[in-house]
Amino acid sequence: MNTKTITEILTQEHFSHNDLVTLLSAKGNDIKQIFDKAAEVKQQYIGNKVYLRGLVEYSNKCRKNCLYCGIRAGNNNVSRYTVTDDEVIQAAKYIKELGYGSMVLQSGELMTRNFVDDIERLLIAINKETDYRLGITLSLGEQSEDTYRRWFDAGAQRYLLRIESSTPELYYKLHPNDDTHSYQTRLEAIQTLQKVGYQTGSGVMIGLPFQTLDHLADDLLFLQNIDVDMVGMGPYIEHSDTPLYEYKKLLPSKEERLELSLKMVAILRIMMKDINIAATTALQTIQPDAREKAILVGANIIMPNVTPQSFREQYFLYQNKTVVKDDAFTYHEQLEKNIQAIGCEIGYNAHGNSLHYKNKKNNKMN
Ligand code: 5AD
Ligand code: SF4
């Protein structure tokens with residue numbers, strides 16, 4: 001039991017597990033206090049700029065069978081695609097034209113030699129065709145150290161690899177308990193990415209079946225302890241073609257998952273003042289303006305989808321995922337208006353690198 005009030009906790013430098021559970025259980029005006037504090041920290045440390053990363057969902061082929069994911073290998077209702085090199089390069093050029101400083105290349109997890117070679121070749125081509133102006137983030141799952149190094153040397157600077165849940169027991173309720181889905185391997189992959197030199201991002205899903213506030217408090221401490229530079233975390237959204245769907249009845253309502261996700265973003269911003277935090281697409285699936293809400297309470301990154309239209313409906317990680325039918329420019333104009341309407345500004349033509357990463361590097365040199 002924590003006898004401290006939210007006001008008392010928010011004045012502290014560090015939060016204990018119990019403090020975090022109290023913050024995560026906040027209701028009504030107490031939530032507002034947390035959100036206000038997060039907005040203040042954000043303004044002070046990173047300002048009101050929102051950086052955009054054009055997201056290309058490169059392939060939905062995956063060797064894994066995560067129990068929550070719509071494109072898991074075992075789902076035969078998905079037709080599998082890989083975007084061609086030309087299309088990726090077109091997308092990259094378009095991202096640059098729109099003034100987005102960065103792109104994200106995401107796909108299911110493949111470890112074949114061909115896949116590793118293809119990505120390496122693509123990275124070199126993208127950089128060349130965009131005059132080395134784009135920041136490139138990869139989100140391509142667990143790979144060997146050698147692969148991570150090759151892709152880093154080919155010009156990727158950032159890598160996202162979510163831990164999904166930092167509690168091994170819950171992790172194995174979300175993944176088959178076998179060598180392909182080892183918690184330990186995933187954790188080590190995150191550490192390898194940091195060692196290789198990437199700006200490294202991780203994150204978790206929020207509002208999962210079997211998940212408690214204790215788990216989420218531990219997730220926040222985990223992200224702080226491993227000292228990530230970037231975080232992407234959002235609500236879990238059920239998918240009927242997955243084994244986890246069976247536990248749908250255990251889920252908090254979508255509104256509760258949204259509120260919990262916003263609390264997680266806000267609390268993390270207070271804990272990790274200079275990292276990049278994404279306002280995720282899963283948030284938007286629950287409520288059209290939820291990403292803007294996340295920006296107001298601490299997030300500073302949005303990843304607009306620039307996957308060629310014809311593939312978008314095949315990348316359903318979860319049900320009702322927002323499939324934007326607008327062309328990228330119409331979508332962009334609306335997004336710019338929405339961002340301005342909440343008093344923020346788009347950081348055009350800038351990489352929007354993690355300040356945390358820079359600060360860590362500077363501290364090491366001093
Ligand atoms: N609901 C929410 N997020 C999901 N992801 C995969 N499936 C789901 C789902 N059903 C997230 C995972 C993964 C990222 C690419 O998408 O966190 O790391
Ligand atoms: Fe594959 Fe990623 Fe989905 Fe797991 S979450 S099944 S690794 S695409």
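The values are calculated or read from the model by the stated rules, or taken from the named source; none is laboratory data. Note that the structure is a prediction, hence the values are computed from the model and not measured. Positions of Cβ are generated from backbone atoms using ideal geometry, with glycine treated the same way; all protein chains shown enter the neighbour counts.
Couple of notes before you dig in:
- Selected residue (criterion: farthest from the chain's Cα centre (by Cα)) from residues of the range 17-56 that are under 30 Å from Arg312 (Cβ atoms) and basic (Lys, Arg): Lys49
- Comparison of Glu97, Glu87, Glu109 shows that the only residue that is within 14 Å of ligand 1 (Cβ to nearest atom) and acidic (Asp, Glu) is Glu109.
- Candidate set from the range 23-77 (those that are of a type in the set (D, E, K, R) and either outside any helix (DSSP H, G or I) or modelled with pLDDT under 95 (or both)); member that is surrounded by the most Cβ atoms within 10 Å (Cβ to Cβ): Arg53
- Selected residue (criterion: surrounded by the most Cβ atoms within 10 Å (Cβ to Cβ)) from residues of the range 151-174 that are of a type in the set (D, E, K, R) and under 22 Å from Leu187 (Cβ atoms): Arg158
- Selection within the range 1-17 - aliphatic (A, V, I, L, M) and over 14 Å from Lys37 (Cα atoms): Met1
- Single match in Thr7, Thr3 (criterion: more than 15 Å from ligand 2 (Cβ to nearest atom), without any contact (Cβ under 8 Å) to a residue 12 or more places away in the chain, surrounded by fewer than 17 Cβ atoms within 10 Å (Cβ to Cβ) and among the polar types (S, T, N, Q)): Thr3
- Selected residue [in contact (Cβ under 8 Å) with a residue 40 or more places away in the chain, of a type in the set (Phe, Trp, Tyr), more than 11 Å from ligand 1 (Cβ to nearest atom) and over 23 Å from Lys273 (Cβ atoms)] from Phe222, Phe210: Phe210
- When the range 236-251 is filtered for residues that are touching a residue at least 40 places away in the same chain (Cβ under 8 Å) and touching an Asp or Glu at 6+ places or on another chain (Cβ under 9 Å), the ones remaining, listed by number, are Leu244, Leu251.
- Any hit, the range 87-109, residues being closer than 23 Å to Leu208 by Cβ, of a type in the set (Phe, Trp, Tyr) and either in contact (Cβ under 8 Å) with a residue 60 or more places away in the chain or surrounded by 19 or more Cβ atoms within 10 Å (Cβ to Cβ) (or both): no
- Listing of helices (runs of 4 or more DSSP H) fully contained in the range 123-208 that carry 3 or more residues being within 13 Å of ligand 2 (Cβ to nearest atom) and either at pLDDT below 95 or under 21 Å from the mean Cα position of the chain (by Cα) (or both): 183-196
- Taking the range 304-347 as the range and being part of a loop (DSSP other than H, G, I, E, B), touching a residue at least 24 places away in the same chain (Cβ under 8 Å) and more than 16 Å from ligand 2 (Cβ to nearest atom) as the test, the residues that pass are Pro304, Val306, Pro308, Asn320, Thr322, Ile342, Gly343, Cys344, Gly347.
- Within the range 257-280, considering residues that are hydrophobic (A, V, I, L, M, F, W, C) and assigned to a loop (DSSP other than H, G, I, E, B), the one farthest from the chain's Cα centre (by Cα): Met272
- Members of the range 204-228 found to be at positive phi and surrounded by 17 or more Cβ atoms within 10 Å (Cβ to Cβ), listed by number: Gly207
- Scanning the range 219-256 for residues that are aliphatic (A, V, I, L, M), more than 16 Å from ligand 2 (Cβ to nearest atom) and either at pLDDT below 95 or out of contact with any strand residue (DSSP E or B) (no Cβ under 8 Å at 6 or more places or on another chain) (or both) gives Leu220, Leu221, Leu250, Leu251.
- Each residue in the range 10-32 was checked for being among the hydroxyl-bearing types (Ser, Thr, Tyr) and touching a residue at least 40 places away in the same chain (Cβ under 8 Å), and 1 of them qualify.
- Sole exception among (1) out of contact with any helix residue (DSSP H, G or I) (no Cβ under 8 Å at 6 or more places or on another chain); (2) surrounded by 18 or more Cβ atoms within 10 Å (Cβ to Cβ); (3) under 22 Å from Asp179 (Cβ atoms) for Ser144, by number: (2)
- Pick from the range 228-256, criterion charged (D, E, K, R) and outside any helix (DSSP H, G or I), ranking: nearest to ligand 1 (Cβ to nearest atom): Glu238
- Residue in the range 283-291 that is assigned to a strand (DSSP E or B) and in contact (Cβ under 8 Å) with a residue 24 or more places away in the chain present: no
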